[in-house]
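Reviewing the structure listed below.
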Amino acid sequence: MTETPIPLVSAPVRQGLAGEVRVPGDKSISHRALMLAALAIGATHIEGLLEGEDVLCTAAAMRALGARLERRDQGVWEVEGVGVGGLAEPEDVLDMGNSGTAARLLAGLLASHPIFSVLTGDASLRRRPMRRVIEPLAAGGARFLARGGDRLPLAIEGARAPLPISYRLPVASAQVKSAILLAGLNARGETVVEEPVPSRDHTENMLRHFGAELSIEPAGSGRRIVLQGGPLLRGGDIRVPGDPSSAAFPVIAALLVPGSEIRVARVGVNPLRSGFLLTLAEMGASIAFENEREEGGERVADLRVRASALRGVDVPEARVPSMIDEYPVMAVAAAAARGTSRFRGLAELRVKESDRLAATAALLAANGVKVTIEGDDLLIEGAGGAPPGGGRVATHMDHRLAMSALVLGAAAQRPVAIDDGRFIATSFPGFVDLMNGLGLAIREEERG
Ligand code: S3P
């Protein structure tokens, strides 16, 4: 990443958006594909891998741990794994950049290998809590030393004889669940994770795809997952669907700019990820699922989106895990809807790439939208059409805030500027070109 910030400005769009696009591969699935392929026996070919900076950090880490990874023709990645338990001690610190998923999932893998390692990341990642993985993973026999007990850099002395972990998650977190399951691969016996509300199940789907034995049962309002340790993971082929979290940006831009009609092809619509599509439907959005199908254990569809007059909505706390990353851009949708919206129970947003609860409220307030934080709820008074805009948004090293503000600019009465667009590349390389291809007007801000 270049050292100087890249300020961008997004101007109101007067003509409806049009066209068909494909968004880059799913970030969550891409991290998991690389990690499991690196533990498999034989070659894995991954098509549609997200080549964003977060995922490239995982690729570099798996290389440093002994797997062979190569990018082949047409962007297909070939990975030769080392087998479960076969990771080698890295020679240097592993830098996970901006990626919480990479850091936490990798901590799980490293905890059950008899090796020493150190994880670090950028200023945003070094502020994020790690105790949520340290505590359960320590029960498997690993030792951890972290800055302030909770932050990166994090030194890990992996267990020599890893014990299987049984853990009930205090919050619904797919990252914590996945870290424990990944640690369980190299432990003898059953690893058990109980989650209070189901969170994204890409780790479970992909573990099965590679041949691991896993049972998933309902438990109260959540799930109980049991993994048998020491499986033989076999390499194979993986197709990564388009990332629904990235699709949310063109989808919402098209809903808000009058006269728009677009198609976003091959988007992952796993129900544990697509809570925002349900919420948009409740708001009156016209989004049709076309060619719905299953690819490699994940549901995929093409989305046809038409501009729609949206209504305010009350989103229950139980829906948080299935739309956790979409709240900033959903707040933009709510800002243009008619009536007030309430998004409930957003405490977890405070520990994302930035304090996304405060930063989302600030993004809207800077653009003339009435917004309040009440406890952990976000309340947004919709403009019933184009919000005022005209503001400058601080993005706090957070890709999703940056992209949400640029979508707001397209739908607002006046342009919206952001202080830095560099972090967009962590999850959505090519965002500006893709959005401008649909009709947005995003430019680098003139300096001076
Ligand atoms: C992710 C899980 C979510 C999400 C993150 C990706 C994953 O985090 O916010 O962007 O790939 O497992 P939590 O599980 O911590 O809520």
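The values are calculated or read from the model by the stated rules, or taken from the named source; none is laboratory data. The structure displayed is predicted, hence computed values, not measured ones. In this analysis, Cβ positions are derived from the backbone assuming ideal geometry, glycine residues included, and neighbour counts consider all displayed protein chains. What goes into the accessible areas is simple: the full protein's heavy atoms, side chains included, and nothing from ligands, DNA or RNA. Shrake-Rupley method; radii C 1.70, N 1.55, O 1.52, S 1.80 Å.
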Quote the charge dipole size of the chain about the Cα centre in Debye, to the nearest 20; the model charges only the Cβ of Lys and Arg (+1) and of Asp and Glu (-1).
620
Given charges of +1 on the Cβ of Lys and Arg and -1 on the Cβ of Asp and Glu, with all other atoms neutral, how large is the dipole of region 352-405 about its Cα centre, in debye to the nearest 20?
260
Could you tell me what fraction of 2.2 N^0.38 Å the Cα radius of gyration of the chain comes to, as a two-decimal ratio?
0.95
Charge dipole (debye, nearest 20) of region 22-61; +1 at Cβ of Lys and Arg, -1 at Cβ of Asp and Glu:
100
Could you tell me what percent of the DSSP beta bridges with both partners in region 110-242 are antiparallel, to the nearest 5?
90
Of 167, 327, which has the most accessible area and how do the rest follow, probe 1.4 Å?
167, 327
Quick check on region 48-139: take the gyration tensor over C-alpha atoms, sort the square-rooted eigenvalues as a ≥ b ≥ c, and tell me if it's rounded (a/c under 1.5), prolate or oblate.
oblate
Using a 1.4 angstrom probe and counting only protein chains, how large is the accessible area of residue 237 in Å², to 10?
110
Determine the shape class of region 239-338: with a ≥ b ≥ c the square roots of the Cα gyration tensor eigenvalues, call it rounded for a/c under 1.5, and otherwise prolate if a/b is greater than b/c, oblate otherwise.
oblate
Viscosity 0.890 mPa s, temperature 25 °C, Stokes-Einstein D of region 401-448 from Kirkwood C-alpha radius, µm²/s
218
Out of all DSSP beta bridges in the chain, what portion is antiparallel? Express it as a percent rounded to 5.
75
Taking alpha-carbon centroids only, region 5-26 lies from region 263-284 a number of Å equal to 19
Dipole check, the chain, charges on Cβ (K,R +1; D,E -1), about Cα centroid: among 172, 97, 427 the Cα furthest to the positive pole belongs to 172
Scan the chain and hand back the longest stretch that contains none of the GluC sites (Glu not before Pro) lying in DSSP loops with at most 13 other Cβ atoms within 10 Å.
214-445
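Only Cα pairs under 8 Å and at least 6 apart count here; give the relative contact order of the chain as a rounded whole percent.
Numbers: 1179 pairs, mean separation 86.1, N = 448.
Relative CO of the chain lands at 19 percent.
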Looking at region 275-354, send over the antiparallel percent of its DSSP beta bridges, to the nearest 5.
75
Taking a straight Cα-to-Cα line shorter than 18 Å from residue 177, and setting aside same-chain lysines fewer than 8 residues away, one finds 27, 352
By the C-alpha gyration tensor axes a ≥ b ≥ c (rounded if a/c is under 1.5, else prolate when a/b exceeds b/c, else oblate), the shape of region 192-246 is oblate
Where region 364-422 is the region considered: accessible area per residue in Å², 1.4 Å probe
33
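Using the per-residue mean of other Cβ atoms lying within 10 Å as a proxy for protection, in what order, highest first, do the peptides 270-279, 94-103 fall? Working shown, then result.
Working: 270-279: 21.2, 94-103: 24.6.
Ranked from most to least packed, the peptides come out as 94-103, 270-279.
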Mean ellipticity per residue at 222 nm, deg cm²/dmol - from DSSP H runs of n ≥ 4 across the chain, formula -39500 (n - 2.57):
-8500 deg cm²/dmol
Taking N as the number of residues in region 3-92, what value does Rg over Cα atoms divided by 2.2 N^0.38 Å take?
1.45
Using the heavy atoms of the protein chains and a 1.4 angstrom probe, tell me the accessible area per residue for region 1-156 in square angstrom.
38
